[in-house]
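Let me begin by presenting the structure, written as structure tokens, before commenting on it.
The values are calculated or read from the model by the stated rules, or taken from the named source; none is laboratory data. For clarity, every value in this text was computed on a predicted model and none was experimentally measured. All Cβ positions, even for glycine, are placed from backbone atoms using ideal geometry, and neighbour counts span all protein chains on display.
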Amino acid sequence: MLGSHSLTHAALAAVLAVSSFSMTVQGLFPDEAGRIDWYRAQIGVPKSIVAHTQEDRSTNILTITDRNVLASLNPDNGEIAWRQLFSPTERINALKVRGSLALTHSGGNETHVRVWDAQSGALAWGYSQPPSPNYQADSGAVEFLRKSQDVLAIVGDSLVRLAPNPSKPVWELALNGTASYKRLVVQDNVAFIIGDAVLSKKQPKARLHVVEVSLKTGRVKQQYDVNTERSLGSSSSVVLESKEYGGYILWRDDKNIVWNIHRLGMQEPMWDIYHAKLVQSELMPVDMLTSTLGELDADPGLIADKPRFTLTYTKDNKVKTVVVEMTHANDKLELRKVVGFRSDNAIIAGSGGATLPSSGASQTERAVVAVRTSGAVSWRVYGSNKTPTHSGELAYDAATYGPVTAASLYYVGGDPRVLIQTSGGLVAALAPGSNAPVWFRDESLTHATDMTFLELPAPASSAEHAAKATDPSVLASPVTRYVLRWVETAKSLAAWPASGFGLFGSSSDTEPGSGSQSTLEALVPTAPLTEGDHFGFRKLSIFGTSTGVVAALSTQSGARSWTRYLADNGTAVTVERVFITRRSQPLANTPSLLTVVGRNTYGNSVVVVLDALTGEILGDGGIHVLPFNHVKVFELPTTEKTTEQQLLGLATGGSEPRLAIWPATAEAAKAFCALPESVFFDLGALAGSSQLRGYRAECPTEAELDPWKESSAFLPSRSWVFDLPEGEVLLASSEYHGAQTTALLGRVLGDRSVLYKYINPHLVTLASRRAAGGIGIYFVDRVSGRLLYSAVHESASVSDKQPFLATQSENRIIYQLWQDSTPVGGSTEGAQPRSKGYVTVVAEMFESDKPDTRDESKAFSSFDLKLPHVITTAFMAPEPATALGVTRTGSQITTRDVLFGLSSGKLLSLPDQLFDPRRPKKSPTKDEQAEGLMPYMPSLPLDPKRVLSHANVVAGIAHIKSAPTHLESTSLVASYGLDLFFTRTSPSGTFDQLSPSFSKVNLVVTTLALVVGCLLGGPMVRRKLTNQAWA
Amino acid sequence: MASGTKIYADFTSLVSKTGRGNSKSSAAVIDPWGYDQSIASSSISSLSLAHNKSDGDSDMALRDKKAWEVAMGPGKTLPMQAFMAWMSGTGVSIFSILITGMILMSPVKTIMSTQQTFAPLERMGKSGGGGKKQDFTMQKAAFVAINIAGLIFGVYRLSIMGLLPTASSDWLSFIPAKQYTEYSA
């Protein structure tokens, strides 16, 4: 008996020993910051790039981006040296660099001019111009003055000269709205401002208005119109400027082969130059008619002696570009061709003035880079003659990030670096002699519109993979799979002593690190991530972006698994939503499907189905352009039978909306019509609307379903209309995301009675701007159109700083807004003085106000005449929030955390209990104490311990998403917007994990000691018993 | 045997029924000095007379009384239990649970052992009453009732500790979630 027992014990010990080394349990501890989370600082896609060489001859790249960021990048690895985030409403219009100073011009009518220290990113000084009624849209420009620290700027409707640290301008010239001034040409004593003149009936033709201003006094010396019939920025006009030769406007008249050149400040003479002479080559007039001009240098006024521009024309069906330089010879203007080349699908860019070529400060040796974008990306740098000085190639697949759209050139220690940008949002630096980028930045996710999590299949053992190839029937039963896994574990146990008992080396996570994406990762990920982990921590987060990129990232490390650029007819598809429409089983042959819904440039709906694990576009057509444009896409609770694809509904707008489905097959239509529940949807929940309309999908007879085409659609019937009160305009709406699972249907009170939760998945929260001021809140049922609850925040308002944010989970709705001290337009008489600040409001809905009262019916229908009992309370929020979210776990047993993306770049997680509207405002009663309610505190704590992003500044959080893991305690949290930050959190502690301090060695040793004790002690006890029996 | 033991034997024989014959035979023995036969015999006869009378009723009554005492015994512990319960409080702690467990378990155990508790009295009744079994039904009923009262007190204590599934919240997890008859998006 004892022998068999000890065998069992030994086996148990062996099992424990094996299991202790086969998997590592990961818990959340403060020291794991940076290991369980990852962070990527981003800047957006550059609009303008200026290389800035400092006095010590080190170079920094300064850029302004479409996400309103001014950033300095390290030219060696592309990492952010510093960045300054501008308010989303204050668009950065221009960036100029002089010496160690960077100058930005931002805003619209209210314009801001700021000067930054290019080395540190610190603000040197700034100036703000108040709005003016005469402001012309899009006007604005800025430039440093020569030989002076002063700045000349077109701000609002004025031209100002600013000295450092201005309290007011040195002088200010009101422009009186005469033109939309966009260009500033600074010379030694005067400046020219050029703008598109305001068109009138008398003068309907486009012309440029030029004003010459004295720099010293700010007085207008002269002003006149140049009848170019071209506006600034047109492809057949350029403004040239240079130190020596002054400024010029060069243009070609429509349907004319003659080029006109106007020297700024001189009304006569105006030179006319024929095309042929311009490029020093014979051109047929036909070729000249289609030729275009382009400005070459990003910052033309910087060091340029002589102005340059490009001329592109088509000759014999070949596109050619020449770089033309203007020279003066014997008081005669001459345009000289510097270099010319074929430029089909090529981007021509100048070095700008900001680079310092290896030869030193020679300003005439300005290079030109030509980047060929079709096929492999190849580039050549030209100096002043025809042979390229440097060239290189990049192995690049345009299907990953789209075609190259922009290029620029900078130098690092005399070596040229070509910076390319793709339409998808990739920025890469290329160097001669390497077909991989020196560094790259994937900025596509700064335009992310939607994100979804894909559960990766649990890791299968190699034995299972082998079985899949030889005998797949083994995999059918979980028992045989379990046996298979144990057999493999036993085999690996044999190799265990040889591996040094697993003490050396780890092989648990071989994913590339995310520390420095720029240099560590390959531009094209070599192997997509296809297997998850045992705990569900490693999933794929699949992003869709408005730049046409769909990208899959590991939630654990941020490593890119695959990226795909979706384009229709050469232009990017604006991806709006991404859906996982089929989840594959482990080791199954059918892939998980990702359905991407977006829009092409014409507004048509576009649907693309991809293999979610590899990013491969599936189906014959690839990209399906549908003959309608949707206003709403949503998941339908059914699947097509043969492909097991989940159905999507695409609703079109207009007075008679239609409901199309995807996949657009007769089978899918039949599956839709076989749905047991009626399908309702609402339209009009968009900002600016004043009416919400509800529709019910109607099915025709089955015969009509059969020839179902992509253009086919159901005709839903309008079931209700919800009009906002007179004068109110919808600001925002919010709804539930995903199925609402709840562990408990009610709230247990202190006296053990139950308040039953009112969980209505059809509830939509509307926030409207009231005509009399304030914000109106409406809870509307999307099925019946009934108003379930409404509230008015008289003194509240929303702004760009604090937009209306809401999150809904279970029976609780949390929203945040700005509350002013006095009601707007309302009477303050008798009203309590209100606090001013950011307010978080919580509304919790119950079936009844009386405990233990419940609607006993088993089914919930929105047409039941029951209204929820709503309890609300409000808290002072510590900071303006940019996004709200809630953690999600598998069964929702774990308490939730409410997640705040703060404008200060923090991701804050606060426990759900804090937001309980039942928190007692007086001293708590015994029942309230028993219920565990905390006494009400008006302000929400900004507890540093609860900042999930810890030391990282997660800028511009616009969305927070959460996904459950296989551990009930833990949920994944993802935030995106500008920066990406992924982590996992355990709101109720890691109750289902062993703590890292748990000693498995001790456990094994103890068990072994017990086994040894049994083996040794057994015979002794037996001998003693025998002796006793003889006594 | 020594003379001392004879005196002892005489006294014992007087009270025992079977020893009466022996006392006669012992009369042949010279009485100790100062022994008054009349006094001795009268007292013995009166004693034996009384004994003979109670053989029927008073012995039964005595046992009855004794049985009532036994039956009421658990009642005396109730206040003590109540005091202990009060001292341990209504919170759910190891101490209060132990006390409540004891309060609950001891009546159950005692009820289970009712027959054994009364068995000695019944046995005595059997031998005295010439094989007639004395009826303790009332006492047993009272005994059980008092123990049930103790049990009820235990259950009451459970309920005030909140350990009885009497509230709706105790059944909350068993309520099925509602099915939604509509789908909306």
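Descriptive notes on the structure:
- Taken together, A:378, A:359 contain a single residue that is modelled with pLDDT under 75 and either surrounded by fewer than 22 Cβ atoms within 10 Å (Cβ to Cβ) or not acidic (Asp, Glu) (or both), which is A:359.
- Checking each residue of segment A:970-993 against the condition of being of a type in the set (Ser, Thr, Tyr), closer than 30 Å to residue A:449 by Cα and assigned to a loop (DSSP other than H, G, I, E, B) gives at least one match.
- Cβ-Cβ distances below 9 Å connect the following pairs, each with a first residue in segment A:105-123 that is closer than 18 Å to residue A:183 by Cα, a second residue that is basic (Lys, Arg) and in a loop (DSSP other than H, G, I, E, B), and a separation of six or more residues or different chains: A:106/A:91; A:107/A:91; A:108/A:91.
- Evaluation of residue A:739 against (1) part of a strand (DSSP E or B); (2) among the aliphatic types (A, V, I, L, M); (3) without any contact (Cβ under 8 Å) to a residue 60 or more places away in the chain; (4) within 14 Å of chain B (Cβ to nearest Cβ) (one fails), failing number: (1)
- Residue match in segment A:781-792 (condition: aromatic (Phe, Trp, Tyr), within 14 Å of chain B (Cβ to nearest Cβ), surrounded by 16 or more Cβ atoms within 10 Å (Cβ to Cβ) and in contact (Cβ under 8 Å) with a residue 12 or more places away in the chain): no
- Filter pass, residue A:697 being under 34 Å from the mean Cα position of the chain (by Cα), within 14 Å of chain B (Cβ to nearest Cβ) and in contact (Cβ under 8 Å) with a residue 60 or more places away in the chain: no
- Residue A:180 vs. criteria modelled with pLDDT under 85 and either under 41 Å from the mean Cα position of the chain (by Cα) or surrounded by fewer than 20 Cβ atoms within 10 Å (Cβ to Cβ) (or both): no
- With respect to the conditions (1) farther than 30 Å from residue A:941 by Cα; (2) within 14 Å of chain B (Cβ to nearest Cβ), residue A:865 falls short on a single one, namely (2).
- Residue within segment B:41-51 that is surrounded by 10 or more Cβ atoms within 10 Å (Cβ to Cβ) and modelled with pLDDT of 55 or more present: yes
- Any hit, segment A:917-935, residues being in contact with a Ser or Thr (Cβ under 6 Å, 6 or more places away or on another chain), under 25 Å from residue A:738 (Cα atoms) and buried (at least 19 other Cβ atoms within 10 Å of the Cβ): no
- Options A:623, A:580, A:617; residue that is under 20 Å from residue A:401 (Cβ atoms), surrounded by fewer than 23 Cβ atoms within 10 Å (Cβ to Cβ) and in contact with a Leu (Cβ under 6 Å, 6 or more places away or on another chain): A:617
- Scanning segment A:210-228 for residues that are assigned to a loop (DSSP other than H, G, I, E, B) and either exposed (fewer than 14 other Cβ atoms within 10 Å of the Cβ) or without any contact (Cβ under 8 Å) to a residue 60 or more places away in the chain (or both) yields a count of 6.
- Screening residue A:795 on (1) crowded, with 22+ Cβ neighbours inside 10 Å; (2) in contact (Cβ under 8 Å) with a residue 40 or more places away in the chain; (3) of a type in the set (Ser, Thr, Tyr); (4) farther than 22 Å from residue A:680 by Cα shows it passes everything except condition (2).
- Residue satisfying all of: in segment A:837-853; surrounded by fewer than 20 Cβ atoms within 10 Å (Cβ to Cβ) and closer than 21 Å to residue A:744 by Cβ; farthest from the other protein chains (Cβ to nearest Cβ) among these: A:849
- Residue count for segment A:759-779, restricted to those that are more than 13 Å from residue A:809 (Cβ to Cβ), touching a Phe, Trp or Tyr at 6+ places or on another chain (Cβ under 8 Å) and more than 10 Å from chain B (Cβ to nearest Cβ): 7
- Whenever a residue of segment A:943-968 is touching a residue at least 24 places away in the same chain (Cβ under 8 Å) and part of a helix (DSSP H, G or I), its partners that are surrounded by 17 or more Cβ atoms within 10 Å (Cβ to Cβ) and of a type in the set (D, E, K, R), lying with C-beta atoms within less than 9 angstrom and at least six residues away or across chains, give the pairs A:946/A:897.
- Restricting attention to segment B:142-185, the residues being of a type in the set (A, V, I, L, M, F, W, C), free of Cβ contacts under 8 Å to residues at least 40 places away in the same chain and away from every other protein chain (no Cβ under 11 Å) number 3.
- Counted as qualifying within segment A:71-153 are the strands (runs of 3 or more DSSP E) with 3 or more residues that are within 30 Å of residue A:436 (Cα to Cα), namely A:80-85.
- Exactly one residue among A:475, A:456 is farther than 30 Å from residue A:37 by Cα and modelled with pLDDT of 70 or more, and that residue is A:475.
- Any hit, segment A:874-890, residues being free of Cβ contacts under 8 Å to residues at least 60 places away in the same chain, outside any strand (DSSP E or B) and charged (D, E, K, R): no
- Residues within segment A:158-192 that are assigned to a strand (DSSP E or B) and closer than 13 Å to residue A:247 by Cβ, tallied: 7
- Single unsatisfied condition, residue B:59 versus (1) in contact with a Gly (Cβ under 6 Å, 6 or more places away or on another chain); (2) at pLDDT 80 or above; (3) not polar (S, T, N, Q): (2)
- Checking residue A:871 against (1) within 14 Å of another protein chain (Cβ to nearest Cβ); (2) touching a Phe, Trp or Tyr at 6+ places or on another chain (Cβ under 8 Å), the condition it does not meet: (1)
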